[in-house]
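Peer 1: Got a structure for you, questions after.
Nothing in this text is a laboratory measurement; each read-out follows from the coordinates by a stated rule. Just so we're clear, the structure is a prediction, and the values are computed from it rather than from any experiment. Don't worry about glycine lacking a Cβ; one is built from the backbone with ideal geometry, like all the others, and counts go over all protein chains shown.
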Amino acid sequence: MALTGVLRPGHVQLRVLDLEAALKHYRDVLGLIETARDAQGRIYFKAWDEHDHHSVVLREADTAGMDFMGFRVDSPATLDKLAADLKASGLATDMQWIAAGEHLRTGKRFRFTVPTGHAIELFAEKEKVGNGMPYENPEISPDDLKGMAPSRFDHCLLYGDDLDGTVKVFTEVLGFNLAESVVAGPERMAIAAFLTCSTKPHDIAFIRHPEKNKFHHASFLLDNWGEVLKAADIITKKRVSLDIGPTRHGITRGETIYFFDPSGNRNEVFSGGYVFYPDKPPLTWTDDELGRAIFYHDRKLNENFLSVVT
Amino acid sequence: MAANPCFSVAIGNTQERYACRSDQTLLGGMEQLGRKGIPVGCRGGGCGICKVRIEAGRTRCERMSRSHISADEEAEGYVLACRAYPESDLQLQAVARMARCIERHLAVTRSPT
């Protein structure tokens with residue numbers, strides 16, 4: 001097996017102010033599939049082509065934002081090894097094991113805080129519930145999909161202060177590669193990092209920002225530009241708060257649209273992007289070309305996109 | 001069916017006034033002023049950029065993030081304009097980022113030509 005270690009983003013747990021409103025958004029508008037509710041009242045969802053039990057968990061709270069993001073690793077042995085490596089690295093804080101079952105149908109998770117203040121988890125076991133189709137002679141999609149119906153939870157973009165420290169955790173301990181970065185000023189200080197553990201241009205990304213532990217968006221994958229435009233139609237039809245798009249990113253080359261859930265957490269649906277192999281040279285953008293890097297078509301920076309976070 | 005009542009909202013910072021229906025948020029009504037400098041963020045009570053203080057009049061509010069409106073502030077009349085609906089004519093004062101945006105753009109609009 002060539003893809004080892006950390007395999008992919010496995011889940012994100014978000015705080016919402018009104019669980020019922022959030023349910024309608026994530027189930028009926030975004031089009032995730034509800035898979036469970038737990039004793040704490042959290043609601044679990046998966047995207048249709050994910051086989052694991054859940055990838056999005058919503059928790060009602062008095063603030064919006066992200067509780068944590070979790071990554072699936074290839075085995076329990078890798079989970080133990082990476083937990084030990086994180087402890088030895090001295091780069092992460094608040095390290096703890098979360099007992100199996102705390103998230104429904106999920107094995108034990110190792111939770112730690114990266115220098116930008118975000119809680120990140122690793123886990124090796126989560127029950128496979130399938131994608132609604134047989135494993136032998138399947139169709140190409142299940143019936144009765146709703147809303148935008150992305151096929152998977154793809155990545156998060158997070159904001160925090162110690163960008164260099166967080167990049168170090170992901171690249172030096174967890175085996176991620178830096179696919180793209182943005183640098184600013186004559187000193188070329190890194191202000192954004194797009195990190196991959198797979199063949200995608202990013203599995204998680206960070207932007208330098210004065211406050212710790214801020215959430216910019218959780219992103220979900222669509223098939224093509226036509227589906228992104230269809231998502232734009234749904235955003236208006238369902239009176240969803242639009243952020244920006246449809247447009248294209250220079251960074252990652254994704255075709256994209258951004259909008260907000262009813263508690264103000266930003267979502268993205270996107271398609272496209274290139275294939276990343278670990279020997280691909282990283283791309284660097286300079287801040288004087290940032291407009292084109294972020295929004296390739298209108299080439300203008302957007303203050304709300306850059307500064308509105310939860 | 002009776003139309004929703006419409007109230008007059010005065011923005012203390014800029015001496016502007018706009019009409020806002022009782023089923024429309026204070027931010028939604030303000031957006032219809034159609035000028036630059038209305039800081040519209042998430043429209044969901046999560047990001048905190050549309051913070052204002054209600055100086056006169058009554059509103060009803062949906063849930064707002066405690067990261068941006070503490071219980072004390074809520075008691076003092078602070079709200080996020082994207083979560084507050086008018087129940088009478090109102091006087092509001094934009095604060096923090098909302099104030100900076102709205103005042104800066106008004107200054108640009110009114111600068112001599």
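Peer 1: Run the reach check for residue B:51 against lysines, Cα to Cα strictly under 28 Å, same-chain hits fewer than 8 apart removed. What comes back?
Peer 2: Within the straight-line cut-off, residue B:51 pairs with A:24, A:212, A:214, A:237, A:238, A:300, B:36.
Peer 1: Okay, moving on. Would you mind classifying region B:1-95 by shape? Square roots of the alpha carbon gyration tensor eigenvalues, ordered a ≥ b ≥ c; an a/c under 1.5 is rounded, otherwise it is prolate if a/b is larger than b/c and oblate if not.
Peer 2: Since a/c stays below 1.5, the shape of region B:1-95 is classed as rounded.
Peer 1: In addition: Mind checking Rg over Rh on region B:21-75, alpha carbons, Kirkwood formula for Rh?
Peer 2: Expressed as Rg/Rh, it is 0.94.
Peer 1: Related question: Filter the GluC sites (Glu not before Pro) in region B:11-113 down to the DSSP loop ones having no more than 13 other Cβ atoms within 10 Å, then list what survives. Don't skip to the end; give the middle numbers.
Peer 2: Details: sites: B:16, B:31, B:55, B:62, B:73, B:74, B:76, B:87, B:103; in loops: B:62, B:76, B:87.
Answer in residue order: B:76, B:87.
Peer 1: May I ask you to compute the full-extension gain from residue B:72 to residue B:87, defined as 0.36 nm times their residue separation minus their alpha-carbon distance, rounded to one decimal in nm?
Peer 2: The residue B:72-residue B:87 span can extend by a further 3.2 nm.
Peer 1: Continuing with this model, one more query. Which percent, nearest 5, of DSSP beta bridges in chain A are antiparallel?
Peer 2: Counting DSSP beta bridges with both partners in chain A, the antiparallel share is about 70 percent.
Peer 1: I'd like the FRET efficiency for residue A:275 and residue B:17, computed as 1/(1 + (r/R0)^6) with the beta carbon distance as r and R0 of 60 Å, rounded to 0.05.
Peer 2: Working from the Cβ atoms, E equals 0.60.
Peer 1: Looking only at region A:1-152, where both bridge partners belong to it, what percent of the DSSP beta bridges are antiparallel (to the nearest 5)?
Peer 2: Bridges in region A:1-152 are about 75 percent antiparallel.
Peer 1: So, one more: Quick check: convex hull over the Cα atoms of region A:180-240, volume per residue in Å³, rounded to an integer?
Peer 2: Hull volume over Cα atoms, normalised by residue count, gives 151 Å³.
Peer 1: Then there's this: Name the most mobile residue of A:226, A:90, A:65, meaning the one with the largest mean-square fluctuation, in a Gaussian network model of chain A with Cα contacts below 10 Å.
Peer 2: Checking each option, the largest mean-square fluctuation is seen for A:90.
Peer 1: Could I ask something else about it? What is the distance in Å between the Cα centroid of region A:82-150 and that of region A:54-79?
Peer 2: Going from one Cα centre to the other spans 6 Å.
Peer 1: Would you work out the relative contact order for region A:207-310, in percent, from Cα pairs under 8 angstrom that are 6 or more residues apart?
Peer 2: Taking the mean separation of contacting Cα pairs over the length of region A:207-310, I get 29 percent.
Peer 1: For chain A, calculate the relative contact order in percent as a whole number, restricting contacts to Cα pairs under 8 Å that are 6 or more residues apart.
Peer 2: 17 percent
Peer 1: Let me ask something else about it. Summarise the partner chain shielding of A:263-270 as one whole number: the mean count of Cβ atoms from other chains within 10 Å of each residue's Cβ. Provide the component values of the computation, followed by the final result.
Peer 2: Values: counts 8, 15, 4, 5, 0, 0, 0, 0.
Neighbouring Cβ atoms belonging to other protein chains average 4 per residue here.
Peer 1: Taking only DSSP H segments of four or more residues, each worth -39500 (n - 2.57), what value at 222 nm results for the protein assembly as shown once the sum is divided by all its residues, to the nearest 500 deg cm²/dmol?
Peer 2: Dividing the helical sum by the residues of the protein assembly as shown leaves -5000 deg cm²/dmol.
Peer 1: While we're on this one: Give the separation of the Cα centroids, region A:226-261 to region A:170-225, in Å.
Peer 2: 20 Å
Peer 1: Net charge around residue A:301, counting only other residues with Cβ within less than 12 Å of its Cβ (Lys, Arg = +1; Asp, Glu = -1)? Each step should come with its number before you reach the end.
Peer 2: On the way: positive: A:292, A:299, A:300; negative: A:287, A:288, A:289, A:298, A:303.
Neighbour charge sum, excluding residue A:301 itself: -2.
Peer 1: Cysteines of chain B lacking any other cysteine beta carbon under 4.7 Å?
Peer 2: B:6, B:20, B:50, B:61, B:82, B:101
Peer 1: Once you order the gyration tensor axes a ≥ b ≥ c over the Cα atoms, which shape class does region A:133-219 get: rounded for a/c under 1.5, otherwise prolate or oblate by comparing a/b with b/c?
Peer 2: prolate
Peer 1: Please list, by residue number, every one of the trypsin sites (Lys or Arg not before Pro) in region A:199-267 that is coil in DSSP and has at most 10 other beta-carbon atoms within 10 Å. Each step should come with its number before you reach the end.
Peer 2: On the way: sites: A:208, A:212, A:214, A:230, A:237, A:238, A:239, A:248, A:253, A:266; in loops: A:212, A:238, A:239, A:253.
Counting only loop positions with at most 10 other Cβ atoms within 10 Å, the trypsin sites (Lys or Arg not before Pro) in region A:199-267 are A:239.
Peer 1: Please give, to one decimal in nm, the separation of the simple spin-label points placed at residue A:94 and residue A:239, each 7 Å out from Cα toward the Cβ.
Peer 2: 3.7 nm
Peer 1: State whether chain A is rounded, prolate or oblate according to the following rule on the C-alpha gyration tensor (a ≥ b ≥ c being the square roots of its eigenvalues): a/c under 1.5 gives rounded; otherwise a/b larger than b/c gives prolate, and the remaining case gives oblate. Display every interim value, and only then the final one.
Peer 2: Working: a/c = 1.36, a/b = 1.04, b/c = 1.30.
It is rounded, given that a/c, with a ≥ b ≥ c, falls under 1.5.
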